[in-house]
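The values are calculated or read from the model by the stated rules, or taken from the named source; none is laboratory data. Not measured: the values here are computed from a predicted model. Cβ sites come from the backbone with ideal geometry, for glycine too, and all protein chains shown count toward neighbours. These accessible areas exclude ligands, DNA and RNA; they are computed on the full protein's heavy atoms, side chains included. Shrake-Rupley method; radii C 1.70, N 1.55, O 1.52, S 1.80 Å.
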Amino acid sequence: MLTELAELFKYRDLLTQLVVRDLKVRYKNSVLGFFWSLANPLVQVATITVVVKYVMRVEIPNYSAYLLVAYLPWTFFQMSLMDASQSVLEHHDLLKKVYFPREVLPLSMVIANLIHFLLALVVFFVYLLILGTPIVMTWWLLPVLVAIEFLLVSGIAFIISCLNVFYEDIKYIVSVLLNVFFYLTPVIYMSEMVYTRLPEAHRNLFFTIYQLVPLNSIVMAFRKSLLPAYVVPEGKKMPFPFTDMPLNYEFLAVAAVVSLGIAVFGYAFFNSRKWSFAEQL
């Protein structure tokens, strides 16, 4: 694996060119360019906020900020996997003609989406300034959280991009599973809501299992490290018992270790099969 990494480093210019090409092609002949990548999450956040606050009548102050801070890492996760699943198949002609490390294909997709994610975070911080949200001391965790999610996404991207070469059903399975996991991940709701809804007899056990899912812990960490603790305004009645929980660094550490393990496994899995891609295609 170290040899493969060394070769990948030698082809870093190719990786950079693929990332730049993806960024240019995605918004070719587009006036707004990058801002189209923000359109979907912003419209989704606005729609969900309206439904929750004005249709369901659940009045959560600054709900849009708590929603957006979780929706952005979810979007990075979702778009990276969807793009990576097709990355090898879309370059089948190149695979048959030129020698290069095949792993640059899914990795370039992940990095391109990472750039969009980072730019979206800049817009998010501007939004916080407009709202007058106070700066919290845990903002220093942001690079750590981005690195952990990047490892997780890269590992899964390697696996599904490889499998999709041999079984094209994978891209459809991934699409379905992403829709399911969206509702299992604390994006449109807060993790404390899950805790209060669990059976009291086994609440701690089930919530521990819930937090052991790496993406759940990562999304929760984004919300708790970038925004102040949620406080129910005095006199405001919530439709559920609510107590904001502090960031659990132990589960975040577990998520980091698991994400690293998935990245290593995914890279090894991809490399063990990458030279048979041309024959399969």
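When His202, His116, His92 are compared by accessible area at a 1.4 angstrom probe, the order from most to least is His202, His92, His116.
Calculated on C-alpha atoms, the gyration radius of the chain divided by its Kirkwood radius gives an Rg/Rh of 1.00. Residue separation of Ala147 and Lys53 scaled by 0.36 nm, minus their Cα-Cα distance, works out to 30.5 nm of gained length. Heavy-atom accessible area for Ser108, with the other protein chains in place and a 1.4 Å probe, reaches approximately 10 Å². In terms of distances greater than 31 angstrom between alpha carbons, the cross-link table entries Lys24/Lys274; Lys10/Lys224; Lys53/Lys171; Lys224/Lys274 yield Lys10/Lys224; Lys53/Lys171; Lys224/Lys274. The GNM of the chain, with springs linking C-alpha atoms under 10 angstrom apart, assigns the highest mean-square fluctuation among Val51, Val165, Val258 to Val51.
For the chain, the fraction of 1.4 Å probe accessible surface lying on carbon and sulfur atoms is 67 percent. With contacts taken as Cα pairs under 8 Å and at least 6 residues apart, the chain reaches a relative contact order of 26 percent.
Here the gap between Leu247 and Ser272, fully extended at 0.36 nm per residue and compared with their Cα-Cα distance, gives a gain of 5.2 nm. For the range 71-162, averaging the sequence separation of C-alpha pairs within contact (under 8 Å, six or more residues apart) and dividing by the residue count gives a relative contact order of 51 percent. In this structure Thr138 has an accessible area near 30 Å², from a 1.4 Å probe over the protein heavy atoms. When peptides 130-136, 119-125, 178-184, 150-156 are sorted by average Cβ neighbour count within 10 Å, with the highest value leading, the order is 150-156, 119-125, 178-184, 130-136. Helices in the chain, meaning DSSP H runs of at least 4 residues, each add -39500 (n - 2.57). Divided by all residues, the mean residue ellipticity at 222 nm is -23000 deg cm²/dmol. Per residue, the chain exposes an accessible area of 52 Å² to a 1.4 Å probe, with every protein chain left in place. Calculated FRET efficiency, Thr138 and Leu94, Cβ-Cβ r, R0 41 Å, to nearest 0.05? Once rounded, the FRET efficiency stands at 0.40.
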